[in-house]
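Heads up, the thing below is written out as structure tokens.
Please treat every number below as a calculation from the coordinates, not as lab data. It should be emphasised that the depicted structure is a prediction, and the values quoted were computed from it without experimental measurement. Cβ coordinates were reconstructed from backbone atoms using ideal geometry, including for glycine residues, and neighbour counts include every protein chain displayed.
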Ligand SMILES: [Zn+2]
């Protein structure tokens, strides 16, 4: 997401959850699926008393089970958002996107400037994006490991699907519009 700061600021303004930052951080520290780096990021970025947005998890059934158990334990409800994208479009985007060496912001092919808008860093193609085998492996992992997770939450009525085909700005707008009622619930 290009306007990640805007999106985070937007989410921060919304109503608070019952669990405190300490409670959430403690629970997340006990999750083996979180890397040390993830935990550090979480501790640093989790705002006091705010609602939380997890990006890219759970993506395996085992993670979904720990996640569900954690939500039950904390007495918190959740909604999953799945950005649906045709594999051909996903491959086309992966092979043409560039990433800032400095702040790791992601830029689609439509952004033709050489430097990052946010920090002026150099934009490069990520090694594993340039590699078709790596892309195929990631898509295979998605089909085999993540699709069952989506099905699990769909059965529970906890999934909102968003079409990822339009331009980033449109998808971002739809995401924010979709999440507003969820965050205000
Ligand atoms: Zn940058």
**Residue order, fewest to most beta carbons within 10 Å, for 116, 103** = 103, 116
**Item:** Residue list for segment 145-168, given a label point 7 angstrom along the Cα-to-Cβ vector of residue 132 and an amide N cut-off under 15 Å
**Value:** none
**Message:** Relative to 2.2 N^0.38 Å, what does the C-alpha radius of gyration of segment 44-185 come to as a ratio? Two decimals please.
**Reply:** 1.18
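Arranged by the count of other C-beta atoms within 10 angstrom, fewest first, what order do 57, 83 take?
Result, fewest neighbours first: 83, 57.
Can you figure out the FRET efficiency of residue 104 with residue 177, using R₀ = 25 Å and their beta-carbon distance, to the nearest 0.05? Before the final figure, lay out the partial values.
Values: r = 26 Å, r/R0 = 1.04.
Once the sixth-power term is evaluated, E becomes 0.45.
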**Prompt:** What ranking of 54, 78, 67 emerges when the number of other C-beta atoms within 10 Å of each C-beta is taken as an exposure proxy, fewest first?
**Reply:** 54, 78, 67
